[in-house]
Every structure is written in C-alpha cells, then in structure tokens.
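Working notes, beginning with the structure itself.
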Amino acid sequence: MRVLDRLMMSAALAVASAGAASAAEVEVLHWWTSGGEAAALNVLKQDLEGQGITWRDMPVAGGGGEAAMTALRARVTAGDAPTAVQVLGFDLLDWTEQGDVLANLDEVATAGNWNAVIPAALQRFSKPGDHWVAAPVNVHSTNWVWANKAVLDELGISQPTNWDEFIAALQKAKDAGKVALAHGGQPWQEATIFDSAVLASGGPEFYQKSMIDLDPEALGSEQMVAAFDKMEQLRGFVDDNFSGRDWNLASAMVINGEAAFQIMGDWAKGEFLNAGKVPGTDFLCFRVPGTEGTVTFNSDQFMMFRQDDPEATKAQMAMAAAIESPEFQVAFNTVKGSVPARTDVPDTEFDDCGKKGMADLKAASEAGTLLGSMGHGHANPAAVKNAMYDVITAHFNGEYDSQQAAEELVNAVEGAQ
Ligand code: GAL
C-alpha cells in the first residue's frame, strides 16, 4: 500500500468500521467470477441462506484479486466497508496495521477449535496478533500443471517427470499444431508461473531466500537468471493471442483440446469440474516438473470488518462459523479445486487431484517445504510483490533479457521496501 493510500485510509477508518450490512445480511466482496469459482461461492451462499442470512454480492472481476483490493480501498475510504472480504496473506497483515477496524472472531474460533486445527502457516495471517480477524476458507497451491489427456494420448506424450521432459512435451505439442501452453498475459498469471520457475531453478531453499527473505544476493544470482531463462523457454510455447487473456479462458483452451497444458493454481480444477470433466480420464493434474516435494501455497481468507449493528455482527459470526465447519470445508473445496483449511477433514470425498493436493500439503508441511506463493500474496508484502510482477512481466514480454531481469529484480525489491 502506498503512503498516500495509507494516509487516506487512516482518515477514513474512523467511520469505516460501521459497515454497510444490515440485520441478518452479509455483504461479501470477492473476485470469484469464473464458472468454477462462482459454483464454489454458491456453496457458501446457499449455506448462509439456509440459515436465514441474506447474501449481498459484491464481485470484482480479475483473477488474483488486485482489482478487488483496489475496490476495497475505495469502499473503506468512503466509509462503507463490506462485511466480509476475500483477501490473501500479506494484504491481511496490511489491513491489520490499519488500526482497530477488523472484527474479533475469537468466540467463534474457540467454539470451532480453530487454534488446534488451522495450520500455523494460515494462522499467521488470520490471527496476526492475539485475535482472529479472518476465516480461512481453503488452501490453494500454484505449482500445478493441468493437461488435456486426450491431446496427450493422441500425440503420444507421457506425463513429464522433469523440466527437460516438460519442455520436450511442450515442443511435441507445438510441432503438432496445438497451443502447447495455454496462458493469459496478465502480470499475476506470469507471477504464478514464476513461483514454479524459481523452484525448478533453485529448489525450496533458494525460493525461501529470494522470494520470502528477499536476500539481494539470491535475487540477483545465477539461479535467478536461470529462473528467468525458464520463463523465456515457456514464453516460446504460448500462442500469439495470449496477451490480456483471462486465466479461465486459458483453462478453457485445455478443456476443449485447443491447448495441451496450463500452469496454474488448483482453482483451474474448478473450471474442469464445472465443465463436467473428470480427473485422470479427461485431464491430468501434476506438479510442475522440477518442483515436486514443494508446495507454493495461498489461502483465501474472509477478513471481517467490525459492524456496529449487533444483528449484522451476528450474521457475520454465523458466516465465520459456517466457513470453518468440516462439512462446509468438504462441500466447498471439492468444487473450488482447493483443499481444506483445517487439518482434521478426511480426504474421502475428494477426487484424485484433491487427494494429491492434501497429501502434498501435509508432506510439505512436515518437510519444511510448504512455502508462501509470491504470485498470490503469501511470500512478501504487496508493494514488493507488485514490484516483482512488473519485472517478471517486462521480461516475459521481451523488455529485458534474463541477466537484466535478475538485476532489475534486485533494484525493484530494494525500491519497494
Ligand atoms: C487466487 C485465489 C483463488 C482464485 C484465483 C483466480 O488468488 O486464491 O481462489 O480465485 O486467484 O481468481
């Protein structure tokens, strides 16, 4: 958040916390507007409506949520904060620093045993001080590949197991006249891929040092140059119309067989499921080759703004409680493509990709290789993330070579801190 934004925000915060919601109603600001996302959101809507709580929808289109965060700032500045807001990692920490505007969810958290069942990696954001201020709805991760199985079978491509095999598979698809890599040229989508490029180039320790610790030496290292080289390789496999394309339209290209692969977080699975596709039969999900054993995660949380009307607070608390109920966690996450935010939910109802997602998360958490996604606001503050986005996208569009990009990354991160 820029300094000016911060000042304007503080001025407005005095009135912001009153909130706009009236009795037994929640107003929810979110960016879940694609088919799969909307289907998942419906699960939450219906759950609340079943409890007599009215849902006022405030959708702000734009994957990754940058546009939603801008809309949120405008709402708060106008003294009209929504009840609940979809938010990612470090944005939550930014809001916590804005003073006493967020609701206190401790009572609901105690009743639902959140302290024991929500992993520390998420609590760091949902309970940044002594109090719970947000309810994590899921855990997504970004280092996934989604592939059209019929296309792979037709072209005799087997699932690649390392980076070179992946590149060879992409080449084979390209040679056969397919779009090898479905991609949308938007900074957050390039950053999503970059999570994996960094991991595949230097492994989890390098990712930690560069993306999370922001160590200038790591940011400007040969391994970072190699990460940008990998981005350049991938750039060779996207189609001519990639610029500005929404991520779900890129997913649709894999779903309808126009493209072979997409690198995207597991919200892409929501699109495949929404189109009636079955994992293992119609599509494959596997970790980006060269990143196995590590999970770059992000968690969607509903951050709650304090309400003055006790009835509105009641509705808000009911929403928080509903989100963390184990039954809801299954119902929602099996549709969304994510995995539960609670560790005590069985994987029985999940499909094979979901089961793998849950097992990978547990294993990475135990091995110390569960790392926050840079692309999705879980590695570093928004100002740094945005500075990284700029360099990554400029490089992807040919403005810098890999060596220059690594140097620019060091400068950009320094400037943003
Ligand atoms: C992510 C979010 C996901 C999904 C995706 C694309 O940041 O965590 O839930 O919505 O953006 O919009």
Q: Would you mind checking the radius of gyration and Dmax of segment 45-131 based on alpha-carbon positions, in Å?
A: 14.5, 38
Q) Using a basic spin-label model with each label point 7 Å from the Cα along Cα→Cβ, how many nm lie between A176 and N397? A) 3.3
Q) Gap in Å between the Cα centre of segment 341-359 and the Cα centre of segment 211-234? A) 32
Q: Work out how much length A78 to E327 would gain on full extension: take 0.36 nm times their residue separation and subtract the Cα-Cα distance, in nm to one decimal.
A: 85.9 nm
**Q.** Within the chain, percent of DSSP bridges classed antiparallel, to nearest 5
**A.** 55
Q) Points 7 angstrom from Cα along the Cβ direction at E222 and D308: gap in nanometres? A) 6.3
Q) Of K230/K355; K127/K209; K45/K355; K269/K336, which pairs sit farther than 18 Å apart, going by alpha carbon to alpha carbon? A) K230/K355; K127/K209; K45/K355
Q.
Ranking request for peptides 310-320, 263-273: highest mean number of other beta-carbon atoms within 10 Å first, then the rest in descending order.
A. 263-273, 310-320
Q. How far is helix 222-235 tilted, in degrees, relative to the longest principal axis of the Cα atoms in the chain, given as a value from 0 to 90 rounded to the nearest 10?
A. 80
**Q.** Charge-dipole axis of the chain as Lys and Arg at +1 and Asp and Glu at -1 on Cβ define it, positive-most pick from F272, P82, G185
**A.** F272
**Q.** Segment N115-A61, length gained on full extension (0.36 nm per residue, minus Cα span)
**A.** 16.2 nm
Q) Going out from 0 in 10 Å bins, what whole percent of all Cα-Cα distances in segment 323-417 drops into each bin? A) 15, 30, 23, 23, 9
**Q.** Fluctuation leader among D347, D229, D308 - the chain, Gaussian network, Cα springs under 10 angstrom
**A.** D308
Q. Once both labels are modelled 7 Å past Cα along the beta-carbon direction, what's the E232-T70 spacing in nm?
A. 3.2
**Q.** As computed over segment 280-378, the Cα convex hull volume per residue (Å³)
**A.** 129
Q | Between helix 402-416 and the chain: long-axis angle, C-alpha atoms, 0 to 90°, nearest 10 | A | 10
Q | Globularity ratio of segment 207-328, using Cα Rg and 2.2 N^0.38 Å | A | 1.48
Q. Which net charge results for the neighbourhood of G354, defined as the other residues with beta-carbon distances under 11 angstrom from its beta-carbon, given Lys and Arg at +1 and Asp and Glu at -1?
A. -2
(Q) If the elastic network links every pair of Cα atoms under 10 Å, which of G64, G357, G35 fluctuates the most in the Gaussian network model of the chain? (A) G35
Q) With every protein chain left in place, what is the accessible area of C353 in Å² (1.4 Å probe, nearest 10)? A) 10
Q) Taking every eigenvalue of the Cα gyration tensor of the chain, multiplying by 5 and rooting it, what semi-axes result, largest first, whole Å? A) 34, 25, 19
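The values are calculated or read from the model by the stated rules, or taken from the named source; none is laboratory data. Since we're looking at a predicted model, the values are computed, not measured. Note: ideal-geometry Cβ built from the backbone for every residue, glycine included; neighbour counts use all protein chains shown. Areas reflect the complete protein model, heavy atoms only, side chains present, ligands, DNA and RNA absent. Shrake-Rupley method; radii C 1.70, N 1.55, O 1.52, S 1.80 Å.
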